[in-house]
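Below: one structure, written as structure tokens.
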Amino acid sequence: MILETLTTASPPNRNPFFDNEKGSLSNDIVLTAGPRENKDVQRKQRQQVQASGSSDGSDATTPEGSSSRGIGPVGNRDGETRIYVPAGYQPEFRVRHNGQLVCHDPLLSVSPESLMSFLETQASTPPVPRINIVGNHQETRTETHTSTDSKGNVTTRTETRQVTVEDFSASYLLTKEVEAGLGLAIEVARAVPYPIGDWDLAFRGSSKKEKGGGGGGDKPEVTSAERRQLEADFKLRKKRGLPLFVHPQSLIDVSHDVEMYGPQTPASFPPGYFPGRLFQGHFLDLVEDHSVAPFTLSDVWSRYQPLVDLRNSRRSEIEKMLRDYCSSKKSMKELHVKKETYGWDWIRIEQELTAIIRSTGFQHNIQISIDAPSKADIMIRPDSFFGRVFSMRWWWKALLWLVLVYPIFLIIDYFAGAKFKSIRVAFPLVRWRTLPRPYPGAPAPQTYQEAMDRAAPLGGGYRFPKVAQLPTDGTWVYLVGLEESDWINSVQERLRQIVVSRHKGVDLG
């Protein structure tokens, strides 16, 4: 298919999420595609033309003029239908009860540019997790039931059953913590959209999880044992709050570089070397992954050129995945984009919250969970029969299970479907960032207090500024966001009161 720009309603906006410089649906465009793949697009666009009051469709077939024109066919050329898409076109979607955003807009299944624009809009909003804490215990209850039959005989029956009794419950929505993770420069900060690395398993256009092919196309075979190990490692990194867009071999402290190569920073390293990207347990954003501004390496950071290349290649890899999805002719295809947060060790948080609750003398069951935030998952499917079937509400699926129809659909999907579930968007809760200089050419801080004074305005009032020097070359860095310990210290007294008072449904904030 071809996208032809007709007129520009406004200059292409720089999106702080994907750093898009190529324009999007804010421009007037003409979509050229084959008649079969445009069938659903034409149907929906005719409906929108009628809804907008253009019964004859004349506005839709005249590209020149106002950007408020309707949407519809422009003409036919060489057996291809050219569809006009006006500025401000908004694909339709719905949010399911579990927070998943589902979209069947036909344009998004044939136009990679429209799909990229939609994802930029929907994925730019940070997900806000909720921490739920519940304490309960089991009780044995005996119930006596008496019944009388038609002859007047009285029967007494005794039942014993186990019931779960809730003792206390509390929750906390991490809104402030997510905002603090992006920092004060939120207008130039962004999440990291990334394709799942070749080292991890993911659905890359087939019906089963695969490793990446490193750009070569051929994907390595994975045994069952390797598959289980890779999935377990992925889940552990996620629970530990480690950035999943970083190669696992780089999830080591930068002090490892000092131990291996000394305090200097050589310009080249052995092939296959993965520089450490953690410092004091948190991600070290050495190449400004979360900045929309281009990153230029100095001689000091020359050894991190592979990291810069990876940073700059993410968008092109995502665009390729979207083109692969849109070019797929399968009606049972789906694209899944997941938003996530990283930076907090959820295992540590669970352990420390449990210790706080136990300190009150509570010795019963404790359940601590993290709710998936609303719109954290984005699911794109074609506007087809099978696309709609797999997006049905759970009770319809249960009914189809009972009549043994849904299992048949799953079998068909396994052999004839195409799943694209290898795009994620990472939002930081905490990270280290190089301490910026107040003006170009300004000298680096000479003392700890000077570094503290420079970092103080960057904290946004969320925490006392924290600075440190890297053991590799002495570069000053400062912490963006709140650490787990900051949040735990702010809620521990409140949590103790809730446990002691046996309050239920309380907000920890």
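The values are calculated or read from the model by the stated rules, or taken from the named source; none is laboratory data. These numbers come from a predicted model, not from an experiment. All Cβ positions, glycine included, derive from the backbone under ideal geometry; neighbour counts span all protein chains shown. These accessible areas exclude ligands, DNA and RNA; they are computed on the full protein's heavy atoms, side chains included. Shrake-Rupley method; radii C 1.70, N 1.55, O 1.52, S 1.80 Å.
Yes or no, residue by residue, for (1) more than 29 Å from LEU174 (Cα to Cα); (2) at pLDDT 80 or above; (3) outside any loop (DSSP other than H, G, I, E, B); (4) polar (S, T, N, Q):
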| site | (1), (2), (3), (4) |
| --- | --- |
| TRP432 | no, yes, yes, no |
| TYR439 | yes, no, no, no |
| PRO443 | yes, yes, no, no |
| MET452 | no, yes, yes, no |
| ALA456 | no, yes, yes, no |
| GLY460 | no, no, no, no |
| ARG463 | no, no, no, no |
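Answer yes or no: is there a residue in segment 136-156 that is closer than 20 Å to GLU350 by Cβ and of a type in the set (D, E, K, R).
Taking every residue of segment 136-156 in turn, none turns out to be closer than 20 Å to GLU350 by Cβ and of a type in the set (D, E, K, R).
Checking the structure you have, find out if any residue of segment 321-330 is touching an Asp or Glu at 6+ places or on another chain (Cβ under 8 Å), open to solvent by 50 Å² or more (accessible area, probe 1.4 Å), modelled with pLDDT of 85 or more and among the basic types (Lys, Arg).
Within segment 321-330, the first condition is being touching an Asp or Glu at 6+ places or on another chain (Cβ under 8 Å), and the residues that meet it are 329.
After this cut, where a residue has to be open to solvent by 50 Å² or more (accessible area, probe 1.4 Å) as well, the list is 329.
Subsequent filtering for residues that are modelled with pLDDT of 85 or more retains 329.
From the residues that got through so far, the ones that are among the basic types (Lys, Arg) too are 329.
Looking for residues that are touching an Asp or Glu at 6+ places or on another chain (Cβ under 8 Å), open to solvent by 50 Å² or more (accessible area, probe 1.4 Å), modelled with pLDDT of 85 or more and among the basic types (Lys, Arg), one finds at least one in segment 321-330, hence yes.
Would segment 167-175 turn up any residue that is modelled with pLDDT of 85 or more, touching a Ser or Thr at 6+ places or on another chain (Cβ under 8 Å), of a type in the set (S, T, N, Q) and not in a helix (DSSP H, G or I)?
No, there is no match, as no residue in segment 167-175 is modelled with pLDDT of 85 or more, touching a Ser or Thr at 6+ places or on another chain (Cβ under 8 Å), of a type in the set (S, T, N, Q) and not in a helix (DSSP H, G or I).
Of the numbered conditions (1) outside any helix (DSSP H, G or I); (2) small (Gly, Ala, Ser); (3) in contact (Cβ under 8 Å) with a residue 40 or more places away in the chain, SER147 satisfies every one except a single condition; which is it?
It fails just one condition, (3).
Taking segment 367-407 only, how many residues are open to solvent by 40 Å² or more (accessible area, probe 1.4 Å), of a type in the set (A, V, I, L, M) and in contact (Cβ under 8 Å) with a residue 12 or more places away in the chain?
Residues meeting the conditions: 2.
Say whether the condition of being more than 30 Å from HIS137 (Cβ to Cβ) and either out of contact with any Cys (no Cβ under 7 Å at 6 or more places or on another chain) or in a helix (DSSP H, G or I) (or both) is met by at least one residue in segment 487-506.
Within segment 487-506, none of the residues are more than 30 Å from HIS137 (Cβ to Cβ) and either out of contact with any Cys (no Cβ under 7 Å at 6 or more places or on another chain) or in a helix (DSSP H, G or I) (or both).
Only one residue in ILE349, ILE356, ILE366 is within 30 Å of ARG496 (Cα to Cα), part of a strand (DSSP E or B) and at pLDDT 90 or above. Which one?
Exactly one of ILE349, ILE356, ILE366 is within 30 Å of ARG496 (Cα to Cα), part of a strand (DSSP E or B) and at pLDDT 90 or above, namely ILE366.
Matching residues to (1) under 19 Å from the mean Cα position of the chain (by Cα); (2) aliphatic (A, V, I, L, M); (3) buried (at least 16 other Cβ atoms within 10 Å of the Cβ); (4) over 18 Å from ARG424 (Cβ atoms):
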{"residue": "LEU115", "(1), (2), (3), (4)": "yes, yes, yes, no"}
{"residue": "PHE118", "(1), (2), (3), (4)": "yes, no, yes, no"}
{"residue": "SER124", "(1), (2), (3), (4)": "yes, no, yes, no"}
{"residue": "ASN132", "(1), (2), (3), (4)": "no, no, no, yes"}
{"residue": "ARG141", "(1), (2), (3), (4)": "no, no, no, yes"}
{"residue": "VAL165", "(1), (2), (3), (4)": "no, yes, no, yes"}
{"residue": "LEU174", "(1), (2), (3), (4)": "yes, yes, yes, yes"}
{"residue": "ARG190", "(1), (2), (3), (4)": "yes, no, yes, no"}
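Quick test for you: out of TYR304, TYR261, pick the one residue that is among the aromatic types (Phe, Trp, Tyr), at pLDDT below 75 and open to solvent by less than 60 Å² (accessible area, probe 1.4 Å).
That would be TYR304, the only listed residue that is among the aromatic types (Phe, Trp, Tyr), at pLDDT below 75 and open to solvent by less than 60 Å² (accessible area, probe 1.4 Å).
Here is a yes/no grid of residues against (1) open to solvent by 10 Å² or more (accessible area, probe 1.4 Å); (2) under 27 Å from the mean Cα position of the chain (by Cα); (3) among the basic types (Lys, Arg):
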{"position": "SER422", "(1), (2), (3)": "no, yes, no"}
{"position": "VAL425", "(1), (2), (3)": "no, yes, no"}
{"position": "THR434", "(1), (2), (3)": "yes, yes, no"}
{"position": "PRO443", "(1), (2), (3)": "yes, no, no"}
{"position": "ALA456", "(1), (2), (3)": "yes, no, no"}
{"position": "PHE464", "(1), (2), (3)": "yes, no, no"}
{"position": "TRP487", "(1), (2), (3)": "no, yes, no"}
{"position": "ARG494", "(1), (2), (3)": "yes, no, yes"}
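Report, by residue number, each residue of segment 264-289 that is closer than 23 Å to ARG348 by Cβ and either open to solvent by 40 Å² or more (accessible area, probe 1.4 Å) or modelled with pLDDT of 85 or more (or both). Break it down into steps so the answer makes sense when it comes.
Going through segment 264-289, the residues closer than 23 Å to ARG348 by Cβ turn out to be 276-285.
Answer for segment 264-289, where residues must be closer than 23 Å to ARG348 by Cβ and either open to solvent by 40 Å² or more (accessible area, probe 1.4 Å) or modelled with pLDDT of 85 or more (or both): ARG277, LEU278, PHE279, GLN280, GLY281, HIS282, PHE283, LEU284, ASP285.
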